[in-house]
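Okay, so here's the structure we're looking at.
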Amino acid sequence: MNRFEPNLRIPGPTGLPPSIRAAGARQMINHRGPEFAAMLERVMTRMKPYFGTTSDVAILSCAGTGGLEAALVNVLSPGDRVLGVSMGAFGDRFAKIASTYGANVTKLAVEWGEAADPAAVRAALAEEPAPGYRAVLLTHNETSTGVMNPIPVLAAAIRDAAPDTLILVDSVSGLGAVPFEMDGWGIDVVVTGSQKAWMSAPGLAMVATSERAWAAMETATMPRFYLDLRAHRDAQAKGQTPWTPALAVVYQVDEGLELMELETAAGIFARHEACAAAARAGLKALGFELLADPRFASRTVTAAKVPEGLDWKAFNGSLKARGLVLAGGQGKLTGLIFRVGHLGSVTLGEILDAIGVLEEASIEHGRPVEAGAAVAAAQRAALEAIGALAPVEA
């Protein structure tokens with residue numbers, strides 16, 4: 001950890017590598033010229049494999065929430081029946097956006113800390129009278145709880161129960177850090193954001209859509225102008241965006257994808273697995289109870305419960321004084337949990353540093369902690385995760 005900078009361990013925006021920071025400081029160019037067209041094509045081409053799609057990826061100048069709004073307004077009409085599967089604050093937000101635009105939303109609420117049950121989703125779809133739900137909203141990675149939904153299994157259940165229903169996925173904090181197969185899993189719209197696994201500043205949302213979703217846009221009647229994906233498709237055919245892009249962030253995403261190509265997707269996924277394993281093991285060794293069902297623990301953020309009797313405000317102050325910045329709880333978990341982000345350019349060293357600081361602060365606040373044990377546990381877990389992912393020689 002650089003002693004002159006905090007160890008920023010929130011689930012986004014993530015810390016930026018030096019070359020990406022430098023990229024964002026570049027001089028502006030003509031966003032209607034050939035240099036930008038080449039960069040836009042480069043970004044889309046390199047990003048498609050992380051979506052797991054052959055479809056074009058729209059680059060919108062907005063936050064991830066704007067991407068979610070675009071996903072909804074482009075394929076739905078007011079009054080459409082929508083099933084919002086929510087397991088946390090961001091699942092609630094996805095459903096709220098749909099309701100705001102006039103969709104008739106039924107929310108399938110999942111206990112915070114748990115993943116969605118494919119059988120429950122299938123049952124909810126079966127209970128809806130004809131013509132059924134127009135769309136199902138899923139959260140891939142719920143940063144408010146540290147849970148990662150089993151999207152391929154959920155999508156298969158939806159396709160089996162309601163073949164014509166659109167599947168819209170919020171993968172703002174998942175895509176780019178873990179494998180995703182949009183085409184293979186039958187997903188219709190997927191959204192991500194620049195400030196997460198893409199190692200860039202906030203300001204861009206990236207949206208991919210299936211052929212079925214493009215067809216739905218022709219009959220959808222929710223209002224849209226700035227977020228009209230058809231305008232982005234038409235502009236991208238000319239190497240442009242329909243509106244002035246957040247150019248400095250596009251520079252950063254372009255550089256980030258260069259770094260990701262050098263590391264390879266397999267290397268990126270393995271690094272996130274190792275960092276997640278280290279975070280979970282280190283926190284448990286410090287006596288913190290993890291919130292997420294371990295079968296569905298996120299590989300990009302870990303949520304831990306604030307123990308009874310621990311003054312979180314004072315404890316967090318001790319962490320910040322040592323240069324460690326964590327995220328608190330959201331919604332109904334405010335004050336009850338804290339969250340450790342491990343996505344983007346995160347290194348195992350940064351996670352071990354974070355566990356070491358948590359250990360120091362725990363000892364300072366009188367918690368029963370054995371010095372050095374948590375960092376050792378984190379190291380062991382990371383090595384085990386790396387070993388489990390390594391190919392076995394014949």
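The values are calculated or read from the model by the stated rules, or taken from the named source; none is laboratory data. Remember, predicted model here, so these are calculated numbers, not experimental data. All Cβ positions, even for glycine, are placed from backbone atoms using ideal geometry, and neighbour counts span all protein chains on display. To get the accessible areas, we keep the full protein, side chains included, count just its heavy atoms, and leave off ligands, DNA and RNA. Shrake-Rupley method; radii C 1.70, N 1.55, O 1.52, S 1.80 Å.
Per residue, the chain reaches -13500 deg cm²/dmol at 222 nm when only DSSP H runs of four or more residues are counted, each adding -39500 (n - 2.57). With a Förster radius of 30 Å applied to the C-beta separation of residue 29 and residue 347, the computed FRET efficiency comes to 0.40.
Per atom type, region 67-169 shows carbon and sulfur on 52% of its accessible surface, probed at 1.4 Å.
Working note: Karplus 6.51/-1.76/1.60 with θ = phi - 60° gives region 251-259 the couplings 3, 5, 4, 4, 5, x, 5, 4, 5 Hz, where Gly and Pro are set to x. Against the longest principal axis of the chain, how steep is helix 312-321, in degrees 0 to 90 to the nearest 10, with axes from Cα atoms? So the inclination is approximately 80 degrees.
Of all segments of the chain bounded by GluC sites (Glu not before Pro) found in a DSSP loop with no more than 13 other C-beta atoms within 10 Å, the longest spans 1-110.
Phi angles across region 269-276 convert, under the Karplus curve 6.51 cos²θ - 1.76 cosθ + 1.60 with θ = phi - 60°, into 3J(HN,Hα) values of 5, 5, 4, 5, 4, 5, 5, 5 Hz, Gly and Pro given as x.
Relative to the longest principal axis of the Cα atoms of the chain, the long axis of helix 89-100 makes an angle of roughly 20 degrees.
For the chain, the longest principal axis of the Cα atoms and the long axis of helix 348-364 meet at an angle of about 50 degrees. First measure r as the distance between the Cβ atoms of residue 258 and residue 388, then evaluate 1/(1 + (r/R0)^6) with R0 = 35 Å and state the FRET efficiency to the nearest 0.05. Efficiency at R0 = 35 Å is approximately 0.75. Comparing Cα centroids, region 238-280 and region 122-167 end up 27 angstrom apart.
As a size descriptor, the averaged projected area of the C-alpha convex hull of region 1-95 was calculated at 9.8 nm². Accessible surface area normalised per residue over the chain is 40 Å², counting heavy atoms of protein chains with a 1.4 Å rolling probe.
In this rough spin-label picture, where each label sits 7 Å from Cα along the Cβ direction, the residue 320-residue 159 distance is 4.7 nm.
Overall, the accessible surface of region 237-370 at a probe of 1.4 angstrom is composed of carbon and sulfur to the extent of 53 percent. When the alpha carbon gyration tensor of the chain is reduced to an equivalent ellipsoid, the three semi-axes, largest first, read 35, 26, 19 Å.
Eigen-decomposition of the gyration tensor built on the alpha-carbon atoms of region 226-325 gives equivalent ellipsoid semi-axes of 39, 19, 15 angstrom, largest listed first. The count of lysine pairs in the chain that are at least 8 places apart or cross chains, and whose C-alpha atoms lie under 15 Å apart, stands at 4.
Rolling a 1.4 Å probe over the protein heavy atoms leaves residue 145 with an accessible area of roughly 0 Å². Sequence-ordered 3J(HN,Hα) estimates for region 287-303 from the Karplus curve with 6.51, -1.76 and 1.60 and θ = phi - 60° stand at x, 8, 7, 7, 7, 6, 4, x, 5, 10, 5, 5, 9, 10, 7, 10, 9 Hz, glycine and proline given as x. For region 138-179, the residues whose amide N sits under 11 Å from a probe point set 7 Å from the Cα of residue 265 along the beta carbon direction are 176-179.
Amide H to amide H, with H built 1.01 Å from N, residue 7 comes under 5 Å of 324, 325, counting only residues 5 or more places away or on other chains. Extent of region 254-385 along its three principal axes (Cα atoms, max minus min coordinate, largest first): 46, 33, 31 Å. If R0 is 45 Å, the Cβ-Cβ spacing of residue 117 and residue 38 corresponds to a FRET efficiency of close to 0.45. Here the chain is treated with +1 on each Lys and Arg Cβ and -1 on each Asp and Glu Cβ, and its dipole about the Cα centre works out to around 700 debye. Between region 23-90 and region 326-375, the C-alpha centres lie 32 angstrom from each other.
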